[in-house]
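Presented below is the structure to which this report refers.
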Amino acid sequence: MLSTLLMANEFDKNCLVCHGDDFKFSIIMQKYTLKYSSKQRIKKAIFEYLREPNLHKSILPYEYIKRFGIKEKSTLSDSELNSMIDIYYEKYNIQAKIY
Amino acid sequence: MYSGEKKSVLYVLGLYLSSTLILIIVLFASYYFHEKSQIELSEKEILRSYTLEIQKALLNLSDESNNDYKYPRFENFKSAIYDIDQNLIFSTMDVIIDNFSKEYFSDEKYSYLITPIKPYFLGTAYIIVQKQKKDIFSLSKLLFLASISIIVTVITSYFLVNLLLKPLRENIKLLDNFIKDTTHELNTPITTILANIESLDTSKCDEKSLKKLQRIKIASNSISNLYEDLAYLLLNHKTSLQNQDLNLSDLLKQRVEYFLYISSLKNLKFVLDIEKDIIFFGDKKKLERLMDNLLSNAIKYTNKSTSIHITLNSTSLSIRDEGVGMSQDELKDIFIRYKRFDKTQGGFGLGYSIIKSIADEYNIKIDITSQLNQGTKVTLSW
């Protein structure tokens, strides 16, 4: 319980602070879902991008990258990164929203 | 039923039945498979249209950014969506599908269609739709119909075969009756002739007349033999068997003496090597028949002024002539009744068939060796 709270905090600090509100995050999850389908593949793709961000791996269109530039490489460790990704998926995944 | 007839009946029956049966099976089987594939096709079409509905709905949903997404539900079918790793995303069906190898499949109640889609709307990589199965015909009904056809075929085949054989049967019956009647008619005059010849007072006859009488006697004996042969073949199953211990050696010598005059006409010599007192348990008349036929064959087909060698021991009897002989092909057909190879001599071709029939009755083995223009040797062993 405590760890998730802590993690959530970390998430806010590491991710939310730049990526801003839910809307953008949702869009990104939508795009990942459309391209990668399953949970494992979505998470793997996100991880690989964050580990080594470049134009080819980006889920967002070229125009967007041109405007905002490529994100800089994450300084987090692998395990920390994966935890972040897990939280992200938990909060925003589309499957859970289907009823 | 005659023996030859049974074989031909079985052949015709077998051929007709098997060909008709194959036809029926092929027809019903192809109808069944055709119907099955037709059903499958129509089901697939319907399921495809359902899949399209789901796909459209998912596309519309994935364009929106909602807090939640209402899964498209339809009245006439159920569906489920799976991701690329075949994990279930959402389903309105009761069953979980784990085998994605077949595109279309069905169970007792439902038929299913699995369609892969891309891009993965709402993460969907596979759409599975399920509908109530449409069953227009039952396999059991088809099998019932097929059995009826088979039964009808069997019944008609019985009538067909009878129809086929009726004229044949009638002809054979006619012939057989004729032969039976004729040979029966022959009996009386033959007996009369022989009896009168025997009782003739020969003391008052001159030599010429005596010779003539001898010839008449021999000729009558020949006719009598022929009659006996025919009677044996036609009425064999009706006469009773009287088996007793016979002195084969004496019997053989008797028969040789019986043919002595005829053989002298061709200047033939009998070379006898007969062991004394060979006993054989059998019917006297039948064994007489057997020996008579062997001897008369030898006499008929040997060349003039040759010898006929006769050997008898406890296990075999052999007769060898030095006559025209037979080829290997003729040897094969020798036991077929009425078959003649050399029509120059008299007779009906009954000889060997009688020999074989009697030999078979007593489990006697027949061995015939022959060479063209050298002679024939017949060995009976027991």
Discussion item. Would you calculate the convex hull of the Cα atoms in the protein assembly as shown and tell me its volume per residue in Å³?
Written reply: 334
Worksheet entry | Calculated [θ] (222 nm, deg cm²/dmol) that DSSP helices of n ≥ 4 give over the protein assembly as shown, each run adding -39,500 (n - 2.57) | -19000 deg cm²/dmol
Practice prompt. Could you work out how far the C-alpha centroid of region A:50-68 sits from that of region B:54-80, in angstrom?
Written response: 30
Worksheet entry | Cβ-Cβ FRET estimate between residue B:32 and residue B:360, R0 fixed at 51 Å, reported to 0.05 | 0.45
Worksheet entry | As computed over chain B, the Cα convex hull volume per residue (Å³) | 253
Item to complete: Would you mind checking which residues have amide H under 5 Å from residue B:93's amide H? H placed 1.01 Å from N; only 5 or more apart, or other chain.
Response: B:79
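Taking each pair of different alpha-carbon atoms in region B:210-333 once, compute 1/r for the pair, average those values, and report the inverse of that mean as the Kirkwood hydrodynamic radius in Å to one decimal. Walk me through the intermediate numbers first.
On the way: mean 1/r = 0.0629 Å⁻¹.
Computed over region B:210-333, the radius equals 15.9 Å.
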Worksheet item: If you build a Gaussian network model of chain A, linking Cα atoms that sit under 10 Å apart, which residue out of A:89, A:36, A:64 swings the most?
Response: A:64
Practice prompt. Against the globular-protein guess of 2.2 N^0.38 Å, express the Cα radius of gyration of region A:2-97 as a ratio, rounded to two decimals.
Written response: 1.04
Item to complete: For region B:48-118, run through the trypsin sites (Lys or Arg not before Pro) and keep only the ones in DSSP coil with at most 13 other Cβ atoms within 10 Å of their Cβ.
Response: B:70, B:73, B:102, B:109
Worksheet entry | Degrees separating the helix B:248-258 axis from the principal Cα axis of chain B, which is the longest one | 60
Worksheet entry | Residue-by-residue Karplus 3J(HN,Hα) for region B:37-42, coefficients 6.51, -1.76, 1.60, Hz, glycine and proline x | 5, 4, 4, 4, 4, 5
Worksheet item: Under 17 Å from the Cα of residue A:57, which aspartates and glutamates turn up, not counting those fewer than eight places away in the same chain?
Response: A:48, A:72
Worksheet, complete the sentence: Scan of chain B for GluC sites (Glu not before Pro) in DSSP loops with at most 15 other beta-carbon atoms within 10 Å gives a longest site-free stretch of B:109-274
Worksheet item: If you look for lysine pairs in region B:3-137 that are eight or more places apart or on different chains, how many of them have Cα atoms under 19 Å apart?
Response: 29
Item to complete: Treating each Cα of region B:3-137 as an identical point scatterer and ignoring solvent, apply the Debye formula and state log10 I(q)/I(0) at q = 0.12 Å⁻¹.
Response: -0.58
Worksheet item: Angle, helix B:207-235 long axis vs. longest principal axis of chain B, Cα atoms, 0 to 90°, nearest 10?
Response: 20
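Laboratory data are not the source of any read-out in this text; all were calculated from the coordinates shown. All values derive from a computational prediction rather than experimental measurement. Cβ: placed from backbone, ideal geometry, glycine included. Neighbour counts: every protein chain shown.
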